[in-house]
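> Structure provided below as structure tokens; questions to follow.
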Amino acid sequence: MAAMAADGERTITVILADDHAIVRDGIRMILESEPDIEVVAEVGDAESARRRTSGLKPDVLVLDLNMPDGSSLPMIPAIREGSPDTAIIALTMQEDPSFAREAFRLGAKGYVVKRSAGKELIQAIREVLNGGSYINPQLGAKVAAEPEGPPGGLTRREAEVLALIAQGYTNPEIAERLVLSVRTVETHRSAIHRKVGTTNRAALVRFAREHGLVEDV
């Protein structure tokens with residue numbers, strides 16, 4: 001929750017969640033160059049982000065979307081449930097419009113790409129705390145220009161592969177149906193797990209059903 005600085009001004013409290021310590025150090029330096037922003041905790045995985053956010057109730061969680069325990073996207077609703085008043089800002093290398101759409105759909109209030117982090121992150125924090133939302137301008141233009149794509153940041157080919165996985169097809173069968181090599185299917189399958197934060201077929205089936213990729217599996 002917000003704190004008060006020594007001079008009586010409101011302090012914006014922030015948790016940083018990124019698996020690279022050097023990235024967190026850089027972001028902390030940028031944020032704490034602002035007199036009214038304080039980084040109150042740093043974590044290196046999505047589950048720790050959920051726990052610390054629930055306990056500390058910061059104003060803002062800056063959440064890397066790709067960490068060792070998989071995509072952080074599926075964790076956003078649980079984080080919001082534990083701390084409804086915390087604004088989540090996704091910080092990511094992903095510049096796929098469908099990935100940004102999914103982050104906002106799940107409850108993120110801001111979306112900043114790492115190559116543009118810095119003053120842009122400070123701007124995002126201030127905008128979301130004023131009741132707005134923020135997306136990197138270049139990416140925002142892509143989101144506005146492109147039709148909505150598959151959920152979870154998946155490419156259309158990955159969505160096709162996922163639908164077939166959910167219907168029980170094996171990798172060789174998927175390769176034959178989509179005219180791909182088995183190795184390419186395996187690569188798509190790994191990317192799907194990473195993006196949607198799953199580790200087994202059962203979880204993929206649930207994701208496919210929940211997002212309308214298959215009607216009955």
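> Roughly speaking, what is the stretch gain from Glu9 to Ser190, that is 0.36 nm per residue apart minus the C-alpha to C-alpha distance, in nm to one decimal?
Working it through step by step, the gained length comes to 60.4 nm.
> Return the long-range amide H neighbours of Asn66 (sequence gap of 5 or more, or a different chain), with a cut-off of under 5 Å between placed amide H atoms.
Correct list: Ser72.
> Then there is this: Report the Stokes-Einstein translational diffusion coefficient (µm² s⁻¹, integer) for the chain, Rh taken as the Kirkwood radius over Cα pairs, at 37 °C with viscosity 0.692 mPa s.
Using the Kirkwood radius from Cα pairs, D works out to 180 µm²/s.
> Relative contact order, percent, of segment 3-145 when contacts are C-alpha pairs under 8 Å separated by at least 6 residues?
Rounded, it is 19 percent for segment 3-145.
> Also, I was wondering about something else. Taking Cα atoms of segment 154-210, Rg/Rh with Kirkwood Rh, to two decimals?
Value, to two decimals: 0.92.
> Pop a pseudo-label 7 angstrom from the Cα along the beta-carbon direction at both Arg115 and Asn200 and give the gap in nm to one decimal.
3.8 nm
Throughout, read-outs are computed from the coordinates displayed, never taken from laboratory work. Keep in mind that this is a model prediction, so the values were computed, not measured. Please note: Cβ atoms are built from the backbone with ideal geometry, for glycine as well, and neighbour counts cover all protein chains shown.
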